[in-house]
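Trainee: Below are the structure tokens for one structure; questions will follow.
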Amino acid sequence: MTEFIEKHKCCGCSACMQACPKGCIAMREDKEGFLYPEVDKNQCIDCGLCEKVCPVLLAKEKQKSFKVYAAKNTDEQIRIKSSSGGIFTLLAEKTIEEKGVVFGARFDDNWEVVHDYTETKEGIAFFRGSKYVQSKIGETYKQAKEFLKNGRKVLFTGTPCQIAGLKSYLRKEYGNLLAVEVICHGAPSPQIWREYLAETRGWQKITGIDFRDKSYGWKSYWTYIKGENTDIVKEKFFNNAYMIGFLKNLYLRPSCYNCPFKISKSEADVTLGDFWGIENVMPQFDDDKGCSVVILHSPQYQELISATTHIETDLNSAIKGNPCLKGSVTEPANRDLFWFHYKKMGIKNAIRCINSNNLLMRAYRWIFRKIKK
């Protein structure tokens, strides 16, 4: 049974739920909106399979990254529509062309983030672009396994913990699987995202969301929430209340503050992300339209880079702009204060309270932390 796993170590990958032969594990939201396994003891047969597929419990050998590249999709339109260099779309289209299946995170009808799959090129667009919410994996590991067993190629994209969960769930290597992780700062609470949307949109119907629109450039991105007749939100990324809270690490999953799946213990075949700082590493390659860092964990994936415009570099150059490749973010001293105030005054006001440099507010935060201790 999974009950002995400490809550702050659980990454919410849902591998245990999907592996349970009796279906007696359900993923339930806690008070912060994160999913954790809940076991029905009356049905549990103590087979131990949930423990055997838990990526946190499985000790992994450190792996050495094989090759690191700065890369761009040669299709300029795709690159503009993508958060970084458009490499995901390139890999996804190749998979579909080979009669394969692509798994990734998309918005559902309520603008929550879920994992799903597509077998068409048209469906790839729903997975494109960054989504700063922890997605619900659902039963996509099960679905991926069925496709793999039937000989279909599968491209599965997710955060490092989701990829580790998939690999541990499968319990064997599949030559027709390409597991791609995205560089992850941390997984924000789905509950906070839901309530931010409710607080922001009011009566308006949402027709589109783009966390990082590149109309003003890759390094000057904006956050848009589009309504039927007007933009509900049109703000610079770093001015948006939800993104401020995310970057201050106020509502990340507790396990994110000590993530066991950083690059040295990655279970992925390929790691993708923005090549932040490219203007300092190789300025001749920066056109402010988006550039990806691509890390290949095995020489067998070398051909994937051949269809891109790319320059080989090293891991240290990638880590300079992406410190989350190497280490976890720090749990903020004001995390408890945010959750305390969010319940009373809403998300935006709670973030303003945390973010204020007013002397009175600074004193208040200090007193709150002392009392909490």
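Trainee: What list of whole percents do you get for P(r) of the range 148-198, with Cα-Cα distances grouped in 10 Å bins up to the one holding the largest distance?
Mentor: 22, 39, 23, 14, 2
Trainee: For the pair E146/R352, report the inter-label distance in nm, with labels modelled 7 Å from Cα in the Cβ direction.
Mentor: Going from the E146 label point to the R352 one covers 4.9 nm.
Trainee: Leaving out ligands and nucleic acids, and using a 1.4 Å probe, what accessible area per residue does the chain come to in Å²?
Mentor: Numbers: 17880 Å² over 373 residues.
Accessible area per residue, the chain: 48 Å².
Trainee: Just to be sure I understand the model, the point goes 7 Å from the Cα along the line to the Cβ. What's the resulting M345 to S264 distance in nm?
Mentor: Going by the 7 Å Cα→Cβ label model, 4.1 nm.
Trainee: Place a +1 charge on the Cβ of each Lys and Arg in the chain and a -1 charge on the Cβ of each Asp and Glu, then give the dipole magnitude about the Cα centre in debye, rounded to the nearest 20. Write down the numbers at each step before the final one.
Mentor: Working: 56 positive and 44 negative charges, 266 e Å.
That gives the chain a dipole magnitude of about 1280 debye.
Trainee: Would you calculate the separation in nanometres between label points at E97 and K31, each defined as 7 Å from the Cα along the Cα-to-beta-carbon direction?
Mentor: 5.3 nm
Trainee: How much length, in nm to one decimal, is gained on full extension between Y216 and Q204, taken as 0.36 nm per residue of separation minus their Cα-Cα distance? Display every interim value, and only then the final one.
Mentor: Working: separation 12, 0.36 × 12 = 4.32 nm, distance 2.58 nm.
Stretched fully, the Y216-Q204 segment lengthens by 1.7 nm.
Trainee: Right, something else. For K94, what charge total do you get from the other residues with a beta carbon under 12 Å from its beta carbon, if Lys and Arg give +1 and Asp and Glu give -1? Spell out each step's value before the answer.
Mentor: Details: positive: K99, K121, K153; negative: E93, E97, E98, E303.
So the environment of K94 carries a net charge of -1.
Trainee: For the range 261-346, how big is the tail of P(r) above 15 Å, as a whole percent of Cα pairs? Show your work: numbers first, answer last.
Mentor: Values: 2443 of 3655 pairs.
Tail of P(r) above 15 Å: 67 percent of Cα pairs.
Trainee: Separate question: Could you derive backbone 3J(HN,Hα) for the range 127-142 from the dihedral phi with the Karplus parameters 6.51, -1.76 and 1.60 (θ = phi - 60°), listing whole Hz in sequence and x where the residue is Gly or Pro?
Mentor: 8, 6, x, 6, 9, 8, 8, 6, 7, 8, 5, x, 10, 5, 5, 4
Trainee: Run down the lysines and flag those whose C-alpha is under 18 Å from the C-alpha of K344, throwing out any fewer than 8 positions away in its chain.
Mentor: Within the straight-line cut-off, K344 pairs with K31, K372.
Trainee: Could you give the spread of the C-alpha atoms of the range 201-300 along their three principal axes, from largest to smallest, in whole angstroms?
Mentor: 51, 39, 26
Trainee: Given H placed on each backbone N at 1.01 Å, which residues far from I209 in sequence or on other chains put an amide H within less than 5 Å of it?
Mentor: Here the answer is K226, since their amide H atoms fall under 5 Å of that of I209.
Trainee: From the residues Q191, Q162, Y342, which one has its Cα farthest along the dipole of the chain in the positive direction, the dipole being from +1 and -1 charges on Cβ of Lys/Arg and Asp/Glu about the Cα centre?
Mentor: Positive-most Cα among the choices belongs to Y342.
Trainee: Once a ≥ b ≥ c are taken as the square roots of the eigenvalues of the Cα gyration tensor of the range 184-234, is the result rounded (a/c under 1.5), prolate (a/b larger than b/c) or oblate (a/b not larger than b/c)? Write out the running numbers ahead of the final one.
Mentor: Details: a/c = 2.97, a/b = 1.10, b/c = 2.70.
It is oblate, given that a/c is not under 1.5 and a/b is not larger than b/c.
Trainee: How large is log10 I(q)/I(0) at q = 0.08 Å⁻¹ when the Debye formula is applied to the Cα atoms of the chain, each weighted equally and without solvent?
Mentor: Values, matching the q order: -0.41.
Trainee: Still on this structure: Based on the Cβ-Cβ distance from Q300 to Q77, what FRET efficiency comes out when R0 is 45 Å, to the nearest 0.05? Write out the running numbers ahead of the final one.
Mentor: Numbers: r = 30 Å, r/R0 = 0.67.
Rounded to the nearest 0.05, the efficiency is 0.90.
Trainee: Among K72/K348; K131/K348; K94/K131; K60/K131, which pairs are too far apart, with a Cα-Cα distance over 26 Å? Let's see the in-between values first.
Mentor: Numbers: K72/K348 36 Å; K131/K348 19 Å; K94/K131 23 Å; K60/K131 28 Å.
Going by Cα-Cα distance, K72/K348; K60/K131 fall outside the 26 Å limit.
Trainee: Give me the aspartates and glutamates in straight-line cross-link reach of K149: C-alpha distance below 17 Å, same-chain residues under 8 apart excluded.
Mentor: Partners found: E98, E119, E139, E173.
Trainee: Find the lysine pairs in the range 160-285 meeting two conditions, Cα atoms under 24 Å apart and a separation of 8 or more places or different chains, and report how many there are.
Mentor: The number of close lysine pairs in the range 160-285 is 20.
Trainee: Lysines near K41 by alpha-carbon distance under 16 Å, same-chain residues fewer than 8 away left out - which ones?
Mentor: The reachable lysines, counting only those whose Cα sits under 16 Å from K41, are K22.
Trainee: Moving to a separate point now. Taking only the Cα atoms of the range 299-342, how large is their convex hull per residue, in Å³? Please report the intermediate quantities before stating the final value.
Mentor: Values: hull volume 7.0 nm³, N = 44.
Roughly 160 Å³ of hull volume per residue.
Trainee: Round to a whole number: what % of the accessible area of the chain belongs to carbon and sulfur, probe 1.4 Å? Don't skip to the end; give the middle numbers.
Mentor: Values: 8690 of 17880 Å².
That fraction is 49 percent.
Trainee: Classify the range 74-124 as rounded, prolate or oblate, taking a ≥ b ≥ c as the square roots of the eigenvalues of its Cα gyration tensor: rounded when a/c is under 1.5, otherwise prolate if a/b is larger than b/c and oblate if not.
Mentor: oblate
Trainee: Can you tell me which of L296, L325, L49 moves the most in a GNM of the chain? Springs connect C-alpha atoms under 10 Å apart.
Mentor: Sorting by GNM fluctuation, first place goes to L49.
Trainee: Please name which of N110, Q77, S65 has its Cα lying farthest along the dipole of the range 29-130 towards the positive end, using unit charges on Cβ (Lys, Arg +1; Asp, Glu -1) and the Cα centre as origin.
Mentor: It is S65, whose Cα lies furthest towards the positive end.
Trainee: Give me a comma-separated list of calculated 3J(HN,Hα) values for the range 336-346, in order, Karplus coefficients 6.51, -1.76, 1.60 applied at θ = phi - 60°, integers in Hz, x for any Gly or Pro.
Mentor: Values per residue, Gly and Pro as x: 4, 5, 4, 5, 5, 7, 4, 5, 9, 10, x Hz.
Trainee: I would also like to ask the following. Where in the range 280-317 is the amide nitrogen less than 12 Å from a point lying 7 Å along the Cα-to-Cβ axis of E173?
Mentor: 298-301
Trainee: May I ask you to evaluate 6.51 cos²θ - 1.76 cosθ + 1.60, the Karplus curve with θ = phi - 60°, for each residue of the range 156-172 and list the ³J(HN,Hα) values in order in whole Hz, giving x for glycine and proline?
Mentor: Those phi angles translate into 10, 10, x, 6, x, 5, 5, 5, 4, x, 4, 4, 6, 5, 5, 6, 7 Hz.
The values are calculated or read from the model by the stated rules, or taken from the named source; none is laboratory data. Since the structure is predicted, the reported quantities are computational estimates derived from the model, not experimental observations. Please note: Cβ atoms are built from the backbone with ideal geometry, for glycine as well, and neighbour counts cover all protein chains shown. Note: areas computed on protein heavy atoms with side chains; ligands, DNA, RNA excluded. Shrake-Rupley method; radii C 1.70, N 1.55, O 1.52, S 1.80 Å.
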